[in-house]
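Heads up: the structure comes next, in structure tokens.
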Amino acid sequence: MAFLIFSAIFLAIFYLHFALAHRAWIAIRGKQSSELDMGYVRLEDYFGQSFRRKLKHWLATLPAATNSTAGLRVYDHGKERIYVAPTVQYPGGRVEKEILVTEGAFACGPNCDFRNELMVKGDGDIGEGTSLQAIAADGALQLGEGVTVRRWVDAAGKLTIGADTAIHSRATSRTAIEFLPGAYAQSLFAPEITTEGRNDESIELSPVRGALVQIPHGPQETAGARHGFDPAKLFSMGGGTYFYEGNLDVTAPLRLRAPIVVRGHFSCGKESLLEADVKAHGNITIGPASVVKGNLVADGNLQLKPDVYFQSLLQAGGEMRLSFGVRGLREKLPVAAHATKAVTLESNIVINGKVSSANRVIAISTPMAWLQPNKARA
Amino acid sequence: MQLTRARVGIALGFAFAVFILLAYFAVPLMALHSSMADTLLRWAGIPNAGWEPVSVFPGLEPGSGPLVPVPTFSQVSEGARFALILGIVALLIVARRFSLFRNLANFLIVLLLVSAVVNVFFDTFQLQSKVFGQIWLRQELLVWLLMPFVSLLLFLLPQPNLGVGLGWMALVQVYGFLFSVLRFVFCVGMLHHTGLLFMPLLWFALGTLSDLLFLLFFYSISVYRTSGQLWGVRSSWQSQL
Amino acid sequence: MAVTALITISWLLIVLSMLVLGAYAVRHYYLGYSRMRLEHPRETNELVGFVMPRITVFIPMHNEEKVARDILQALVDCDYDWELLEVIPVNDRSTDGTRAIVDEFAGRYPFIKPYHRTEGVGGKPAALVEATELATGDIYLMFDADYVPGRAVLKMLTAPFVDPEIGAVMGRVVPHNIGDSLLSGLLSLERCAGYQSVQQARFNLGFTAQFGGTVGGVRAAALRAVGGWNPESLTEDTDLTFALLLSGWRTAYVNRAECYEEVPQDWAVRRRQLSRWVTGHTECLHNYWPDLLRARFLSREEKTDALFLLAMYLTAPIIVIGWVASLVLFFIPEAHAVPVLPVAMLIIGYLLFSNQATFLEIGVATLLDGTRLRALLMPLSLLNFFANTGAICNALRKFYWNRFWGSGGDGWYKTHRTRLDTEGQAFGAGAKPAGAARQSVKGLYYANNEGMGD
């Protein structure tokens, strides 16, 4: 009898190992998963637009609005408050803890601190050294030197990101972004992104190429290495795609006519013409004044030398560097450049689309030695 | 989550420290296991003539196994034989009614049938409780020794808070010990009342499988509690991608 | 003498079991921990919407009137440019109302171009072979008829094709009917680990992901390069993965391209599904292992990973062999005297660590998904483990029996659907806008600017 009782206790303890699972099952039974957001679409300016939508909803539905003498409306939203003002001009050093909405223009002096979001329906001008949570502007927006934005920036008009400004999330504009030296952000997206010293006169966007090396090569080029390209290392994967065994460092102008996977590093000489996609298991370096029509994907680093014109997408598993005079644009769709590590943008860069990094996108000043006529650099 | 070298090093250090501690106190631990089992055997009404030293591993002082009378097949009660048949029928019903249990139930039925055949044809074959104690200690001692490393992988490294991870590690270690005593006493009790009839099944179900079960039990709770702390909710980290 | 032989054989089998399962356990831990680092060196999410090739979406259908409307509406609602989209519902000899539903949608949307099949060999692979000849896209995407893609899934699945080395892509499958039965709840844990942990970890580590034949796609040129679909295979998806791999093409995995599926809720359906997977997979192992070992495109690590993947179902009988051998030893008193500490430690260590390894993957996946309640089901998943082991052993027994005697195995069959809702919105009701308007290029990147609009 004693053993029967012991057995019953033992079996009860044994069951306890399943008891929580049993309870969880009872809670789940009959239910269906709702973990996916089926309506999700990827939008580059999601943060800014989402904030605008929420704000609009709050202002339309919040019951209590207190009128103040200065025409300021105050809305209570849980623990935080929303201030709505016609136009605002703050002196330097101002600290603001609440959400601020301006019906018109907004400007603030240096070293202000805005600890909650800002919504500017007109143009915005943020003084140097100011610290922001996030800002959305329906007009143009200028961030002064050394501004820090803890989250995102979104502007309908032109967005100027001042020197040494730090944006810890995304910066988007529906017009243009000017990204000055020393500034960094996680990603930039606009119909036109430029860095300092833009000079379109020296850029030749459709040069005539005289390639010395062609890939895939003609039948007369089957033997021996030429300018770093060894035809014996080129194999067909089928489907018009090739792979190249080892590093492919072409020292002369290259014309690439079919997609290629390089199982090593890839580089090409100046004034190359890449009409198809390139994938390299190592680094990719594109020679000066080349035209890139295919996508470039590097498991390692990716560098575009000066005056390269790309009409495609760039992706790097390591770092990416776009040198002086690089242009990125294509018909119909914007271009994009993304790297897992840092993306460095030199001076005189114009990109119609997006530059992003899992680390940071940073603008630097190209040394003055580069700022000479196009041919001299090439 | 950043699994830094320092973090991995500290966690490994803890696991090794516990391992060394357990190895150093292996003999007292086995003695404590026997002593607790002795108390439970008495509570469960299982006659035990005492504990005899059994060699667990060479170089290690012996542990001890109980001296509980174990009947051969011809000696077991009708009730035990009936229980065997009842067990097979119950498993057959489970296999028929619950398709998810079918394969497990079928395997357990095979174990019972093999056991019955062995008992019927080799009536003299007996497993002494002392030998069973020896096998049990060999297995469980190793489980205790290896447990810190299992904890390292399941509880210590995935925890955002090292202290909480160490808490889980201690809990699992202590529980593993206590659960082992409980299972051992139940097995010895069954051995005393039903001889070898149920032993293959019990050895399969209450041996390392039960160690696996209790680890899973605690792991599921640890994941349940950690969920949301480590990477936040799904939507928050997904939006970063 | 006989006893000694039996002991020796049992020990050998245990050692074999330990070596094989131990190696798999190491792999499981490696993948689990690698996933925990949450690093995505090969992620293409930032390029979603920028890679916009012309695509063809295939939906193999056989008597799908219960679900056809949902998936067609979901594809209409996707945010892919209609001018670059072609949807081919492959109506394979349906005898219910599938044809009428498909034709109704084709009448409303010009990019839906149905292919009605009335004769020929049945099954998805054979139907795909014929339908592919009609496709005009550069990328072919595939969805089973009971799946409902979210609005962004098409763009997400095309993004990895920015890389010319990518021949195929696989999205994530998420079970929807988790509460229909205990089995479906447990399968949700299994799927969660398989995709969130294993597929993503393998892809991050530079190994090829596994194309699953649905919520995925293939580059048209790559498919042609490897000779198209294999209509003989029961798992044309696995077959394609390895055919591509051997030609130098990789398969990408996109964890964010999630799509609901309906997992089997009763064991009979699950067993048939598992049986087809086991047979097809093991067939691929036999077809591809010599070429894999010789492949010049692959590193040693990649070859090892690919072989692990192909041989994974063989672990089930090896587990059973290990159990049986240890029970045989239990019955032999002479075998009890195994006093060698390191050997014993290895055995127990293997038992503890190898069996826990798969659960670590479930744990990691659950932590990432934040589905904490389901994590508590883990102890019950032992039942699933035993059920799978038995079913896999049985399927392998049949496979090798048929292979030995040269007889044909099971044919391709459709997994039974249980969804009753035929009014659309079956998944995530209300989440999708009905009949989304054609998107402008600008609309692909920016939300509608609501401004403050006062």
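Structure above, values below:
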| item | result |
| --- | --- |
| Given (1) closer than 23 Å to A:ALA21 by Cα; (2) of a type in the set (Val, Ile, Thr); (3) modelled with pLDDT under 90, number of the condition B:ILE221 does not satisfy | (3) |
| Conditions (1) in contact with a Gly (Cβ under 8 Å, 6 or more places away or on another chain); (2) under 22 Å from C:THR238 (Cα atoms); number of the one not met by C:ILE178 | (2) |
| Pair list, Cβ under 9 Å, 6 or more apart: segment A:23-36 residue in contact (Cβ under 8 Å) with a residue 40 or more places away in the chain and facing chain C (nearest Cβ under 7 Å), other residue assigned to a loop (DSSP other than H, G, I, E, B) and of a type outside the set (A, V, I, L, M) | none |
| Given (1) in contact (Cβ under 8 Å) with a residue 12 or more places away in the chain; (2) surrounded by fewer than 22 Cβ atoms within 10 Å (Cβ to Cβ); (3) in contact with a helix residue (DSSP H, G or I) (Cβ under 9 Å, 6 or more places away or on another chain), index of the condition C:CYS192 fails | (2) |
| Total residues in segment C:135-146, condition in a loop (DSSP other than H, G, I, E, B) and either closer than 18 Å to C:THR98 by Cβ or at pLDDT below 85 (or both) | 4 |
| B:SER129 vs. criteria under 30 Å from A:GLY39 (Cα atoms), at pLDDT below 90 and of a type in the set (S, T, N, Q) | no |
| Criterion: of a type in the set (Gly, Ala, Ser) and surrounded by fewer than 18 Cβ atoms within 10 Å (Cβ to Cβ) - qualifying residue of C:GLY22, C:GLY32 | C:GLY22 |
| Unmet requirement for A:ARG52, which otherwise passes all of (1) outside the structural domain of A:ASN116 (by TED's automatic domain parsing); (2) charged (D, E, K, R); (3) under 31 Å from the mean Cα position of the chain (by Cα); (4) modelled with pLDDT of 90 or more | (1) |
| Condition check for C:VAL173: within 13 Å of chain A (Cβ to nearest Cβ), of a type in the set (A, V, I, L, M, F, W, C) and not in a helix (DSSP H, G or I) | yes |
| Answer residue from segment A:268-320, given it is more than 18 Å from A:ARG257 (Cβ to Cβ) and basic (Lys, Arg) and is surrounded by the most Cβ atoms within 10 Å (Cβ to Cβ) among those | A:LYS305 |
| Matching option when the condition is touching a Pro at 6+ places or on another chain (Cβ under 8 Å), assigned to a helix (DSSP H, G or I) and more than 13 Å from chain C (Cβ to nearest Cβ), among B:PHE19, B:PHE14, B:PHE82 | B:PHE14 |
| From C:ALA131, C:ALA126, C:ALA100, residue being surrounded by fewer than 16 Cβ atoms within 10 Å (Cβ to Cβ) and either within 14 Å of chain A (Cβ to nearest Cβ) or in a helix (DSSP H, G or I) (or both) | C:ALA100 |
| Helices (runs of 4 or more DSSP H) enclosed by segment C:225-325 - at least 1 residues per element that are under 15 Å from the mean Cα position of the chain (by Cα) and surrounded by fewer than 24 Cβ atoms within 10 Å (Cβ to Cβ) | C:267-294, C:300-310 |
| Residues located in segment C:301-328, provided they are in contact (Cβ under 8 Å) with a residue 40 or more places away in the chain, more than 14 Å from every other protein chain (Cβ to nearest Cβ) and among the charged types (D, E, K, R) | C:ASP305 |
| Per-region count, segment C:185-242, residues among the small types (Gly, Ala, Ser), at pLDDT 90 or above, touching a strand residue (DSSP E or B) at 6+ places or on another chain (Cβ under 8 Å) and within 25 Å of C:LEU377 (Cβ to Cβ) | 1 |
| Cβ-Cβ under 6 Å pairs, at least 6 apart or on other chains, segment B:34-58 side over 22 Å from A:SER7 (Cβ atoms), far side among the polar types (S, T, N, Q) and modelled with pLDDT of 90 or more | B:TRP51/B:SER34 |
| Condition check for A:GLY328: more than 18 Å from A:VAL361 (Cα to Cα) and within 12 Å of another protein chain (Cβ to nearest Cβ) | no |
| Qualifying positions in segment A:2-21 - more than 7 Å from chain B (Cβ to nearest Cβ) and surrounded by fewer than 16 Cβ atoms within 10 Å (Cβ to Cβ) | A:LEU4, A:ILE5, A:ALA8, A:ILE9, A:LEU11, A:ALA12, A:TYR15, A:LEU16, A:ALA19 |
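The values are calculated or read from the model by the stated rules, or taken from the named source; none is laboratory data. What you see is a predicted model; the values in this text were computed from it and never measured. Ideal geometry is used to build each Cβ from the backbone, glycine not excepted, and the neighbour counts take in all protein chains shown.
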